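Below is one structure, written out as structure tokens, with a few remarks after it.
The values are calculated or read from the model by the stated rules, or taken from the named source; none is laboratory data. Keep in mind that this is a model prediction, so the values were computed, not measured. In this analysis, Cβ positions are derived from the backbone assuming ideal geometry, glycine residues included, and neighbour counts consider all displayed protein chains. Only protein heavy atoms, including side chains, enter the accessible area calculation; ligands, DNA and RNA are left aside. Shrake-Rupley method; radii C 1.70, N 1.55, O 1.52, S 1.80 Å.
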Amino acid sequence: MEIFRAATATLRDTPVEERYGTVVAARGALIEVDGLAGAAQIGSRIRIAAGKGVLEAEVTGLDAGLAQCLPFSEPQGLAAGDRAVLAAGQFTLRPCEAWLGRMIDGLGRAVDGRGPMASGRVARPIRANPPLAATRARVGERVETGVRALDVFAPLCRGQRLGLFAGSGVGKSVLLSMLARWTKCDVAVIGLIGERGREVQEFVEDDLGPEGLARSVVVVATSDEPALMRRQAAWTTMAIAEHFRDQGLNVLCLMDSVTRFAMAQREIGLASGEPPATKGYTPTVFAELPRLLERAGPGKVGQGSITGLFTVLVDGDDHNEPVADAVRGILDGHVVITRKIAERGRYPAIDILKSVSRTLPHCHSADENAIRLAARRILSTHGDMEEMVRLGAYKPGSSAEVDEAIRLAPAIETMLTQGKGDRGYAAATFETLTEMLQPVDPIGVAA
């Protein structure tokens, strides 16, 4: 039956007539095709009969009758005069429940060696608009992530979009793996965009595990793949998440990382002749970011939701660099992971005082908010006085507030420390914090 459905889908996608042109130039990754004037559109698919087989490409620009294309793989063997066939329609996917537990590339092709992907009945465009703002449901209840620092200080709600901002090598991907394993959801769609190839199997086998993979679809585009494939993988991740959302499921969408999507879009824009703007990023980068990220979130009333967790690789540890600044303004909260905390040996290295969830304070009860704010004040006071205490410039007893911070901050930091196998629970964390914050009498016994 699956073979019959796949054959039916192939026939349905086969064009009745063919329009073709000729490759006339190739400059770096950019391929120019003549003969498609009036037919080729931005986003159209092109199949080029190159020397080593068929080369898939996409039209990214139009210039005086020439279609400017970028390939999805290395253009080895390409020659002037090669035939370029215009495919009908935009890129589409046909996801279904059988995709759970599979690993695919940006074009929806299997990369896990387990045979071709099954085909669903409905074709879904890889690029799509988010639901209309007036028809979207509101963000739902709090979702436990298993990470104590997040569940208390930057909670995640169903349908929320949260960014994880960090420089390189400070534990961003490890935190994402903890969230992938512990966050409650019906289906997880994980996009590994521009990642190191050796880390993919480690993530799937060690972090997700068989149980996590069974409820997940993993989309992979490693750092060595062309920019077009990396960008396409991000769109494919969102399209699959939208498919399961429309089935009424609560979807967890993890993307690592949005920055590499932006870098891929910059490469595409520069290759197509677009002028560089801030730090070399082209204007289309900042137009594409909201189009991608707004697709996550609550669906229409009666549908499911896409809870989005997006990592942002901060260039040079500058949290105000252009991509980080743009993404922070789009998402519903940001979690800042700092090198200073990582160097102290506290993981996840989340900076509580710089992290914000825009679902606060409504997603916590009044008692939970009181505990959260009290713990936050202690950490803030300790952070302000830490250098003076270390230098011996502060005299104990000068300030009851500072004395309390010096006593409690190390215990709070210890509680926030977690390993990859140490799952936290929100109720237990709030209970522990409540016990810590109990006042003490002069001889040091809890009142």
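Overview of results
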{"item": "Matching residues, segment 73-90, being in contact with an Asp or Glu (Cβ under 9 Å, 6 or more places away or on another chain), surrounded by fewer than 21 Cβ atoms within 10 Å (Cβ to Cβ) and modelled with pLDDT of 90 or more", "result": "VAL85"}
{"item": "Residue, surrounded by the fewest Cβ atoms within 10 Å (Cβ to Cβ), within segment 340-357, restricted to residues that are without any contact (Cβ under 8 Å) to a residue 40 or more places away in the chain, closer than 18 Å to LEU156 by Cα and not acidic (Asp, Glu)", "result": "LEU353"}
{"item": "Whichever residue in segment 248-286 is more than 30 Å from LEU100 (Cβ to Cβ) and charged (D, E, K, R) and, among such residues, is surrounded by the most Cβ atoms within 10 Å (Cβ to Cβ)", "result": "ARG266"}
{"item": "Candidates ARG121, ARG114, ARG138, ARG127 - the one that is assigned to a loop (DSSP other than H, G, I, E, B), surrounded by 15 or more Cβ atoms within 10 Å (Cβ to Cβ) and of a type in the set (Lys, Arg)", "result": "ARG127"}
{"item": "Identity of the residue in segment 407-421, open to solvent by 60 Å² or more (accessible area, probe 1.4 Å) and modelled with pLDDT of 90 or more, that ends up farthest from GLU144 (Cα to Cα)", "result": "ARG407"}
{"item": "Condition met for THR429 (outside any loop (DSSP other than H, G, I, E, B) and either in contact with a helix residue (DSSP H, G or I) (Cβ under 6 Å, 6 or more places away or on another chain) or touching a residue at least 60 places away in the same chain (Cβ under 8 Å) (or both))", "result": "yes"}
{"item": "Condition met for GLY163 (touching a residue at least 40 places away in the same chain (Cβ under 8 Å), open to solvent by less than 10 Å² (accessible area, probe 1.4 Å), part of a loop (DSSP other than H, G, I, E, B) and of a type outside the set (Phe, Trp, Tyr))", "result": "no"}
{"item": "Some residue of segment 333-343 being under 30 Å from ALA134 (Cβ atoms) and either of a type outside the set (A, V, I, L, M, F, W, C) or at pLDDT below 90 (or both)", "result": "yes"}
